[in-house]
Structures are given as C-alpha cells and as structure tokens.
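Have a look at the structure below before the remarks.
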Amino acid sequence: MNLHLLIPSLFWPGDSLPEIYRDLPLPALETLLAKSLRTENDSQGVEAWLCRAFDVTKQQDWPVAPLTLQADSAGQMTAENHYWLRADPVHLRLEHNQIVLADSQIFRITAEEANQLADLLNRHFAADGCDPPSCNPEPARQKPVFLPLTPDRWYLRVAETPTLQTHALSVAAGRNIHVLLPSGADSMRWQGLFNEVQMLLHEHPLNQAREARGELAINGIWLWGGGIMPQSLNCPYTQVWSNATLPRSLALACATDHAALPSTATAWRQSAVAGNHLVVLDVLQEKTQYDDAYGWRESLKKLEQDWFAPLLIALKQGRLDQLTLTAIDERGSKNFTITRDDLWKFWRAAKPLVTYSA
C-alpha cells in the first residue's frame with residue numbers, strides 16, 4: 001500500500017517568524033523527512049498541485065469552478081461547455097490603506113442569506129439581459145448568473161469566455177487584495193463588476209442586521225478558478241481522502257472512490273484498501289492564511305501525534321510500502337518519499353523541521 005500525504009503549509013511561510021519552530025516536539029516527522037528522498041517542483045498552490053496530479057490542463061486559470069460545480073450540485077447540474085467562475089462570498093475590510101479579504105473560515109453564512117444576496121445580484125444584472133438562475137439554465141445573453149450552490153461556494157456563469165486570469169481564494173484569504181485582482185485584457189470589466197457588487201451588498205439590510213449582531217458583513221465576492229470543464233482527467237489514486245471540495249470534485253470527475261478525512265492515520269489504515277492513496281491534510285493552511293502562529297504550532301503537534309507517528313510505525317512494520325509527503329505553498333512544493341528500507345540509512349540523521357523550510 002502506498003500513501004501520498006498532501007500537506008499545505010507544512011512550513012511556516014517566509015522568514016517572518018523564525019522562532020515559530022522553537023521547541024516543537026516532532027520526532028516522527030523529522031525522522032520521516034530525514035530518511036526520505038527529496039525533490040522539488042514549482043507547483044504554486046494547492047489547486048495547481050491537485051489539478052496537475054489529475055492531469056488537468058491549465059486554461060487561463062486552473063479550471064476549479066467547473067470541476068467543483070458538478071460536485072456541489074449533487075448531480076443536478078453539469079458544467080457542459082459554459083465558462084464558469086467561482087464567485088465566493090467574502091468579507092472585505094479596510095486596514096491601513098489596504099483592503100484585506102476574509103473568507104468563510106472566519107464568518108458563517110446561512111443558505112437563506114446566500115440565496116438572498118445572490119438573488120439581489122441576479123435581479124440587478126438582469127436589467128442588462130441576464131437570465132435568472134435555475135438548475136438547468138439556458139445560456140446567458142450578456143450578464144453572468146450567480147448560483148449559490150452552497151452557502152459559501154457560489155458560481156458565476158458567463159456567456160462568452162473572457163480574457164482573464166485570477167488568483168485562488170486560498171491565496172487571497174487574509175491578504176491585501178490590491179495586487180490579486182483579476183488581470184488580462186478583460187480585467188477592467190471584471191474589476192468593475194467586483195466594485196459594483198461591493199456597492200450592492202454594502203447597503204443590503206441583511207448585512208446591516210449581521211453587523212448589528214456583531215457578525216461580519218458579506219460585502220464582496222471573490223472571482224477565481226475560471227474555465228470550461230476539462231474533457232479528460234486521469235486519477236493516479238485508488239482512493240482520495242479529504243474534507244476539501246476540490247479533491248472530492250476531482251475524484252468524482254474520475255469516478256474514483258472518495259471518503260472524508262479520517263481523524264487519525266490508524267483510522268485511515270483500518271478503512272483503506274490495497275492500492276495508492278491520496279490524503280489531504282489541510283488544517284495548517286488556514287492557520288498560515290490568518291497568521292495564527294499558535295494555532296499552526298498546536299495543529300502541527302496534533303498531526304505528529306495522530307498521523308506522523310503512526311505512519312512511521314506502519315513503515316517500520318511493513319504495513320506501508322511507500323510514503324510520500326508533499327509540503328506545498330505559493331513558492332512551490334517539496335516532496336519527501338520514503339520506503340521501509342530507507343529507515344535503515346543511519347547516515348541520514350534527523351534534523352529540526354526548520355532545516356527544510358528554506
């Protein structure tokens with residue numbers, strides 16, 4: 001049995017907080033990294049890595065929107081040949097002359113609220129020739145159609161493919177969005193739509209009620225992941241294990257078994273069948289997005305206890321043939337591949353985690 005662990009933000013981003021690694025008890029993880037064969041590539045971001053792993057070809061963006069659309073619609077919709085964008089609801093806040101974005105990790109939005117806000121946008125843009133949303137919408141004439149298929153994942157169908165490049169929401173979360181807005185020949189139109197939506201949502205009574213309750217306003221959308229549904233995908237895994245939407249969507253598109261992430265490696269081994277497995281451990285990513293250093297350290301220590309230590313034992317006992325850990329961030333990815341025989345390489349002594357972060 002082979003296991004591939006995808007671990008976004010295994011290393012704290014940049015060199016802004018070197019002391020974050022101090023006194024981190026990670027003997028199993030450090031042993032696994034030290035004994036492994038290490039390679040690197042330039043896959044920038046989780047979405048890019050996952051799409052490449054499933055042989056998805058990059059369009060102007062990695063086509064996340066049409067892939068997740070079919071999973072989120074529970075089979076009631078197909079992306080067909082339409083161009084789709086994700087248009088996820090966000091909170092935008094002015095901080096020190098910067099506009100900083102918060103995603104649904106930071107706030108809660110109900111299905112009723114999502115439907116109300118999307119209905120406002122559709123009615124507003126309908127004046128310019130936009131069809132109302134439905135489960136099987138006809139092609140839009142001029143303006144996009146907003147579909148809140150889940151409270152925090154909205155979709156936007158566009159009549160004609162724009163010349164547009166965007167940044168993933170995972171990249172924008174917790175950041176100043178000034179340099180992350182859409183670019184390309186049609187970017188001015190889409191930045192205009194972005195601003196128009198802000199003005200519409202800002203004054204909505206729903207947001208006034210949210211703020212009165214001490215909740216963050218839903219005062220923007222983030223456009224990203226545009227594309228047309230890929231014609232062919234290839235899954236190299238027997239099973240995919242993740243709580244995230246994109247891995248589930250890719251597995252569904254490939255007719256590959258998918259399951260929710262087990263709480264521990266021991267629970268995973270008890271359920272896994274023979275073959276190649278992808279497990280996505282993304283708990284660290286949300287901590288780095290919002291500069292939660294304490295949460296990152298505590299989450300990493302829990303991963304050591306629940307995943308790295310049991311997997312090291314499984315390797316020693318021959319219950320795993322090969323383990324690969326991929327640490328990924330915006331700078332690229334580092335792959336650490338280890339077999340049981342590699343554990344005997346005594347000259348590869350364990351080193352502190354910070355050694356591998358540069």
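The values are calculated or read from the model by the stated rules, or taken from the named source; none is laboratory data. A quick note: this is a predicted structure, and the numbers were derived from the prediction, not measured. Heads up, the Cβs are rebuilt from the backbone with ideal geometry, glycines too, and the neighbour counts pull from every protein chain shown. For the accessible areas, the whole protein counts, side chains as well, though only heavy atoms, and no ligand, DNA or RNA atoms are used. Shrake-Rupley method; radii C 1.70, N 1.55, O 1.52, S 1.80 Å.
A few points about this structure:
- Residue within region 182-200 that is under 30 Å from ASN276 (Cα atoms), of a type outside the set (Asp, Glu), in a helix (DSSP H, G or I) and out of contact with any Phe, Trp or Tyr (no Cβ under 7 Å at 6 or more places or on another chain) present: no
- Extreme residue, nearest to the chain's Cα centre (by Cα), among residues of region 314-354 that are open to solvent by 10 Å² or more (accessible area, probe 1.4 Å) and closer than 14 Å to MET1 by Cβ: THR324
- Just one residue in the set GLN44, GLN60 is in a loop (DSSP other than H, G, I, E, B), open to solvent by 50 Å² or more (accessible area, probe 1.4 Å), touching a residue at least 60 places away in the same chain (Cβ under 8 Å) and in contact with an Asp or Glu (Cβ under 8 Å, 6 or more places away or on another chain); that residue is GLN44.
- Checklist (1) touching a residue at least 60 places away in the same chain (Cβ under 8 Å); (2) open to solvent by 30 Å² or more (accessible area, probe 1.4 Å); (3) among the β-branched types (Val, Ile, Thr) applied to THR245, failing item: (2)
- Test: ASP291 is more than 26 Å from ARG269 (Cβ to Cβ) and acidic (Asp, Glu): yes
- Residue in region 9-24 that is within 26 Å of GLU304 (Cβ to Cβ), assigned to a helix (DSSP H, G or I) and modelled with pLDDT of 95 or more present: no
- The residues of region 182-195 that are out of contact with any strand residue (DSSP E or B) (no Cβ under 9 Å at 6 or more places or on another chain) and either over 23 Å from LEU120 (Cα atoms) or touching a residue at least 24 places away in the same chain (Cβ under 8 Å) (or both), listed by number, are ALA185, ASP186, ARG189.
- Single residue of GLN208, GLN231 found to be of a type outside the set (Val, Ile, Thr), at pLDDT below 95 and not in a loop (DSSP other than H, G, I, E, B): GLN208
- Selection within region 196-225 - buried (at least 19 other Cβ atoms within 10 Å of the Cβ), under 21 Å from THR166 (Cβ atoms) and out of contact with any strand residue (DSSP E or B) (no Cβ under 6 Å at 6 or more places or on another chain): LEU201
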